[in-house]
1. Which numbered condition trips up Ile183, out of (1) farther than 21 Å from Ala6 by Cα; (2) β-branched (Val, Ile, Thr); (3) touching a Phe, Trp or Tyr at 6+ places or on another chain (Cβ under 7 Å); (4) modelled with pLDDT of 90 or more?
2. Surrounded by 14 or more Cβ atoms within 10 Å (Cβ to Cβ) and touching a residue at least 60 places away in the same chain (Cβ under 8 Å): does that describe Arg140?
3. Within the bounds of segment 57-77, is there any residue that is in contact with a helix residue (DSSP H, G or I) (Cβ under 6 Å, 6 or more places away or on another chain) and at pLDDT below 90?
4. Determine if segment 82-92 includes at least one residue that is more than 21 Å from the chain's Cα centre (by Cα), at pLDDT 90 or above and surrounded by 11 or more Cβ atoms within 10 Å (Cβ to Cβ).
Amino acid sequence: MNSSIAQQTDATFIFITAVSVVLLLIVTITMIYFVIRYNKKRHPVAEQISGNTTIEVIWTLIPFVLVMIMFFMSYSGFKNLRNAPSDAMTITVTGKMWKWTFDYENGKQTDTLYVPLNKPIKMAIKSADVNHSFFIPHYRVKEDAIPGRTNYLWFNPIELGYWDIACAEYCGLQHAYMYSKVIVMPEAKFWDWYNTKTDTTAIVKDSLTTKVDSIQKK
């Protein structure tokens, strides 16, 4: 199984943030030290200083190494996002002003994304009109929906629950309302739902919690 995209994304974010904070402290402390140590009262006459090759090499190599680490961490996560496991379930999502539609391999269509627990999900992402961006913040995955082409991403739902799906690219007047839900169901319950002929499609927001709880009860 490929490693968790969410964990990779969080690790990269934490590393970049930590490096930024450390560098900020180093620069700020050094700046304050030089302001105090070499102020006009202590040194009324400016002094000419010469370069230090060793220090210049160090402050060039260290940022280079840090940036390369950030690059490889980011690329590893990007590569993982683009290479879904071979046993992933493929679901097609189509963005349209202003809603998401999900099509399953058995022909079922919904406006809420239902997925089974612990089953890798590969999303085939399309657009019926303008550019959209399919975004599931909980799983740290996002990909553009572009007219005339199909993009892909995948995620692994490892816990029961429901989370927001949003459009992360401005697509018109009702862009801010282009939300849906991903609902992670127990595997047996999902396959019962998947194989039923009656399609339980839209979920009303006001009764979302009640309906999700009823779906997930064993």
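The values are calculated or read from the model by the stated rules, or taken from the named source; none is laboratory data. Worth saying up front: this structure is predicted, and the values here are computed from it rather than measured. Glycine also receives a Cβ, built like all others from the backbone with ideal geometry; neighbour counts cover every protein chain displayed.
1. Exception for Ile183: condition (1).
2. Yes: the conditions hold for Arg140.
3. Checked segment 57-77: at least one residue is in contact with a helix residue (DSSP H, G or I) (Cβ under 6 Å, 6 or more places away or on another chain) and at pLDDT below 90.
4. No, that holds for no residue.
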